[in-house]
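Colleague: Sharing a structure below in structure tokens format, with a few things to ask.
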Amino acid sequence: MRKFNIRKVLDGLTAGSSSASQQQQQQQHPPGNREPEIQETLQSEHFQLCKTVRHGFPYQPSALAFDPVQKILAVGTQTGALRLFGRPGVECYCQHDSGAAVIQLQFLINEGALVSALADDTLHLWNLRQKRPAILHSLKFCRERVTFCHLPFQSKWLYVGTERGNIHIVNVESFTLSGYVIMWNKAIELSSKSHPGPVVHISDNPMDEGKLLIGFESGTVVLWDLKSKKADYRYTYDEAIHSVAWHHEGKQFICSHSDGTLTIWNVRSPAKPMQTITPHGKQLKDGKKPEPCKPILKVEFKTTRSGEPFIILSGGLSYDTVGRRPCLTVMHGKSTAVLEMDYSIVDFLTLCETPYPNDFQEPYAVVVLLEKDLVLIDLAQNGYPIFENPYPLSIHESPVTCCEYFADCPVDLIPALYSVGARQKRQGYSKKEWPINGGNWGLGAQSYSEIIITGHADGSIKFWDASAITLQVLYKLKTSKVFEKSRNKDEKPNTDIVDEDPYAIQIISWCPESRMLCIAGVSAHVIIYRFSKQEVITEVIPMLEVRLLYEISDVETPEGEQAPPLPTPVGSANSQPIPPQSHPSTSSSSSDGLRDNVPCLKVKSSPLKQSPGYQTELVIQLVWVSGEPPQQITSLAVNSSYGLVVFGNCNGIAMVDYLQKAVLLNLGTIELYGSNDPYRREPRSPRKSRQPSGAGLCDISEGAVVPEDRCKSPTSAKMSRKLSLPTDLKPDLDIKDNSFSRSRSSSVTSIDKESREAMSALHFCETFTRKTDSAPSPCLWVGTTLGTVLVIALNLPPGGEQRLLQPVIVSPSGTILRLKGAILRMAFLDSTGCLVPPAHEPWKEHNVPEEKDEKEKLKKRRPVSVSPSSSQEISENQYAVICSEKQAKVISLPSQNCAYKQNITETSFVLRGDIVSLSNGICLACFCANGHIMTFSLPSLRPLLDVYYLPLTNMRIARTFCFTNNGQALYLVSPTEIQRLTYSQETCENLQEMLGELFTPVETPEAPNRGFFKGLFGGGAQSLDREELFGESSSGKASRSLAQHIPGPGGIEGVKGAASGVVGELARARLALDERGQKLSDLEERTAAMLSSADSFSKHAHEMMLKYKDKKWYQF
């Protein structure tokens, strides 16, 4: 893992800067109007940034290995990542610095170590006996390319095959080369005129370690005698070889070939294969060879004591099976099972009861690594069912389009979500326990619950339990269930504004206390959900349609269908309530034939069965307006206490009362400002074009941000905050320079760029609306992409039945202030500096008979949560914290004076800002497009942390980065993985204890018994003294130019990590000894190097002396 230099802001500097800012404030406000000082608890030493864990499926996997004793699985990827999996909850992520693809992995079985071979011809030895594995040694091959490695069980000599066809031998203890080399020209027949190709396989005979089986790509297999240094047998076949496997008795082996055949060879009969099988070939009647098939990429040959052996293979399908999914074939006796996979197979391994290759293998499962999934097949049960996968590998089941992170949730929330999610489990899994169960869990020091919500391209939403650095799916909600699906392509309505993924989730707004959930989708739709433990049948899905229009023909005379001008409070009187029993017509056109009043999606008209969990309360859709498609929603907020939902886009803002199912407010941006609009806005004619699908959710690029593009704002430059995430990471996406070029809706022309001001932040709160207010009251704060903050006052009827009968009165009350850049986040503090959370209802089951509800209704109250300090007295003031893309301001209320101001960035812009609580204080946390993570104290906005974290930020990271309470943050690091990090010093310190242990001391099983007669008359496994053969004394030194040894950083580092934990003094003493030992060994190495250089110097001097012995000095 990379180590970051945490550049902390020195307290002296902050003291200086804060005193400067205080002077500035004294100039701003006369002494009589000074803000009361609030004692701030957070200091820069409370902050430290480090990665915690990575969850999800390893992106672009390339290699697989399993330790059958430790029961640990390792997966390598094309980007040089290494993921290790033990029992559910024990996972680990490591990264090779070079970023080269992992081509092969080999465990040192039951040793707590792993060898990785990379595409850049390096070998690395990983130490897994520490919580964060690290590299102990590396070896870089300089003249040959590594193609295959083999490490026999309980051996320290690693065989390395190369592209040139040679085999080198590495001592894994010292990571040095042996002088013993098997040259390709010695291995093949002298009469052979061609090179046999790269080495594709190496293995020793299970019964005789002195015999090495070498497979060359061209089809030649050689059985090499290590002692006599010559080939015993050569087996030739005219088709290229992909893999080779032994029968455990060492008398037969099987090869898989490029024409879809398997050849089984008797070791002592090299002339021709004992048997040739084409598993998927059509057998022709007249004895001809079957038709060739696709290559069999891998074969495994596993024996059982009580029955036929298993032959398991991937590939080999016949060429005429077009469109057939990738398959794994299991041949057992006379039966052949073809198991179809969802994605192409990268690699597979058979899990066996014994680690010894010369014993009956007793296979019990096959682990199959697919391009986008990991599947485990139970071989012991009929029909080969799969095991239920306990790892959180399904994050990318449908591409993630947005995510939110909540720490410190109500304690009953995870059990409630788990109980409704448990009913969604699929059936038909294997009855057995998951067999990969190595390692031990860490000590969960965190007591609070954490929830991650992911929104996906297919309209699904997943809730994850993320407590104590683990991840487990709790519940999945399909939002597309409320819409009619088009049966085929032709029926597809032409009202869609995106061609792909019309249900993709864009924004999630969730209130954990009341469990109200609101989502905004890409087709300009909003759905409000209530949580219920009861199943209900909804006869008619309640829905509203909203015409949100942006049209300036004349500012003095607003359009008829829009709300009246500002001064009049807008009530529910002029909203358009839809009668619940009938759905509005979904096809209407205006007089000139333009599409009008049509939503993009059609809500189901049939009754909808809603399972326990989240149930649809109301569907709101924006409609086409005279040929103009609705613009995508850019901001969303829901409040359970007020019963309101509000959303906005670049046309304006709409507020809906979801209890009365009525539109309360429908204002274009200009009406929101009223007469004090600071911008001169040009009239525009509506464009009639549809939005191209390229601007949908599917244009994210894998690439980097171009520096000059980093200082362009994603919102102020291009108004429509369009979601651009991968539905399928296509490499040919037309994102300019792979950078932050925001896609915009095609209906936004470049001319009206300035005029298309979008709603970018919405916040319900109980605060002071006007300077003259003596008490806080409910209101909505609105932030726009041009940096304006406006307030809308809410006049709510009393609770109980009156709430459903009387209208909610909403009245815009003008602009409060402006900031540079689009507004991202708003929050409120009380006079003691504590966060004032938005008002909320406690959750209660609403699908219960009326009688039970009667008590609640008698109370007739609207509960409003008060701040953690005592309830506010009228005289006390509040602070509004507002964060934009460029700066943050703290405003004193009700006076509306700017108390504190901080310019966050000049050259870049903030992508995400969150106001979060952390170890008894609160702060503003920001993530910038230039890769910096910053935190600021509240209310004074002192800088506390500024770390350059991510050198490259792509659109996926920009869209998914989020901070939450207790110093936690996350983002989508690849299309399939979530990276979590912490900015809390306390969590960084406790992390070592929280991480799981990969290595646990386990007894190695006993070796198989040779039996009396085999011991008496020979036979059984022959051992080999490899040390004698490959050691320096007999084989000499390897050529120095062949490979370069690089000591790894992981020797002492891991022990330091362990020593800083609970282990204390004892571990520190051991560490000191280890360091001394390492220094001594370094000294020894240096002495040896000096000796060898002295030796070579004396040799050179001697040669010189001999050369010039007879010459006179003047002849030189």
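Colleague: Please express the shape of region 892-952 as an equivalent ellipsoid: the semi-axes are the square roots of 5 times the eigenvalues of the C-alpha gyration tensor, given largest first in whole angstrom.
Modeller: Over the Cα atoms of region 892-952, the ellipsoid semi-axes are 23, 15, 9 Å.
Colleague: Let me ask something else about it. Given 0.36 nm per residue, what is the gain on full extension from HIS1045 to THR79 after removing their alpha carbon distance, in nm?
Modeller: 345.5 nm
Colleague: First check a/c for region 180-255, with a ≥ b ≥ c the square roots of the eigenvalues of its C-alpha gyration tensor; if it is under 1.5, answer rounded, and if not, answer prolate when a/b is larger than b/c or oblate otherwise.
Modeller: Oblate is the answer for region 180-255, as a/c is 1.5 or above yet b/c matches or exceeds a/b.
Colleague: Still on this model: Amide H of ILE395 versus every other amide H placed in the peptide plane: which residues, excluding those fewer than 5 positions away on the same chain, fall under 5 Å?
Modeller: It is PHE57, by chain and number.
Colleague: I need the peptides 240-253, 605-618 ranked by packing, meaning the mean over residues of other C-beta atoms within 10 angstrom, with the highest value on top.
Modeller: Listed from highest to lowest mean packing, they are 240-253, 605-618.
Colleague: Using only protein heavy atoms and a 1.4 Å probe, report how much of THR1000 is accessible, in Å² to the nearest 10.
Modeller: For THR1000, solvent-accessible area is about 20 Å².
Colleague: Using the Karplus equation 6.51 cos²θ - 1.76 cosθ + 1.60 (θ = phi - 60°), what ³J(HN,Hα) coupling, rounded to whole Hz, does each residue of region 205-219 give in order, writing x for Gly and Pro?
Modeller: Along region 205-219, the couplings run 4, x, 9, 8, 5, x, 10, 10, 9, 10, x, 9, 4, 5, x Hz.
Colleague: Net charge near THR278: determine it from the other residues with C-beta under 12 Å of the C-beta of THR278, scoring Lys and Arg +1 and Asp and Glu -1.
Modeller: Net of charged neighbours comes to +1.
Colleague: With Cβ to Cβ distances under 12 Å as the rule, what net charge do the other residues near LEU262 carry (K, R +1; D, E -1)?
Modeller: So the surrounding residues net to -2.
Colleague: Would you mind checking the pairs LYS230/LYS302; LYS372/LYS476; LYS462/LYS889 and listing those with alpha carbons more than 23 angstrom apart?
Modeller: Among LYS230/LYS302; LYS372/LYS476; LYS462/LYS889, the Cα-Cα distance tops 23 Å for LYS230/LYS302; LYS462/LYS889.
Colleague: Between LYS1037 and LEU817, what is 0.36 nm times their sequence separation minus the Cα-Cα distance? Round to one decimal in nm.
Modeller: Gain on stretching LYS1037 to LEU817: 71.5 nm.
Colleague: If you don't mind, another one. At R0 = 41 Å, how high is the FRET efficiency between SER611 and SER194 if r is their beta carbon distance? Nearest 0.05 is fine.
Modeller: FRET efficiency, SER611 to SER194: 0.05.
Colleague: Moving on. Mind listing which trypsin sites (Lys or Arg not before Pro) in region 349-451 are in a DSSP loop and have 10 or fewer other Cβ atoms within 10 Å?
Modeller: LYS425, ARG426, LYS431
Colleague: Tally Lys and Arg at +1 and Asp and Glu at -1 over the other residues with C-beta under 14 Å from the C-beta of ILE816: what net charge comes out?
Modeller: With Lys, Arg at +1 and Asp, Glu at -1, the neighbours total +3.
Colleague: Separation between the ARG145 and GLU353 pseudo-spin-labels, each 7 Å from Cα along Cα→Cβ, expressed in nm?
Modeller: For the pair ARG145/GLU353, the computed spacing is 4.3 nm.
Colleague: Using a 7 Å offset from the Cα along the Cα-to-Cβ direction at both ASP238 and ARG325, what is the distance between the two label points in nm, to one decimal?
Modeller: Label at ASP238, label at ARG325, 3.8 nm between them.
Colleague: Continuing with the same structure: GLU433 versus SER1096, label points 7 Å from Cα toward the beta carbon: distance in nm?
Modeller: 5.6 nm
Colleague: On to the next question. Can you work out the FRET efficiency for the pair SER335 and VAL540, with r the C-beta to C-beta distance and R0 = 56 Å, to the nearest 0.05?
Modeller: The pair SER335/VAL540 has a calculated efficiency of 0.55.
Colleague: Packing-wise, with mean Cβ within 10 Å as the measure, how do 177-184, 103-110 rank, highest first?
Modeller: 103-110, 177-184
Colleague: Check ASN389: other-chain or 5+ apart residues with amide H under 5 Å from its amide H, H built from backbone geometry?
Modeller: none
Colleague: If R₀ is 51 angstrom, what is the calculated FRET efficiency for the pair ARG423 and THR1000, using the beta carbon separation as r and rounding to 0.05?
Modeller: After rounding to 0.05, the efficiency reads 0.90.
Colleague: A further question follows. Grab the Cα-Cα distance for GLN95 and GLU845, subtract it from 0.36 nm times how many residues apart they are, and report the gain in nm with one decimal.
Modeller: 265.3 nm
Colleague: Divide, for region 275-367, the radius of gyration over alpha carbons by 2.2 N^0.38 Å, where N is the residue count.
Modeller: Taking the Cα Rg and dividing by 2.2 N^0.38 Å, one obtains 1.18.
Colleague: Okay, moving on. Taking only protein heavy atoms into account and a 1.4 Å probe, give the accessible area per residue of region 56-168 in Å².
Modeller: Roughly 28 Å² per residue, with all protein chains present.
The values are calculated or read from the model by the stated rules, or taken from the named source; none is laboratory data. Because the structure is a prediction, the values reported are computed rather than measured. Counting neighbours? That spans all protein chains shown, and the Cβs are built from the backbone with ideal geometry, glycine included. Just the protein is used for accessible areas: all its heavy atoms, side chains included, with ligands, DNA and RNA removed. Shrake-Rupley method; radii C 1.70, N 1.55, O 1.52, S 1.80 Å.
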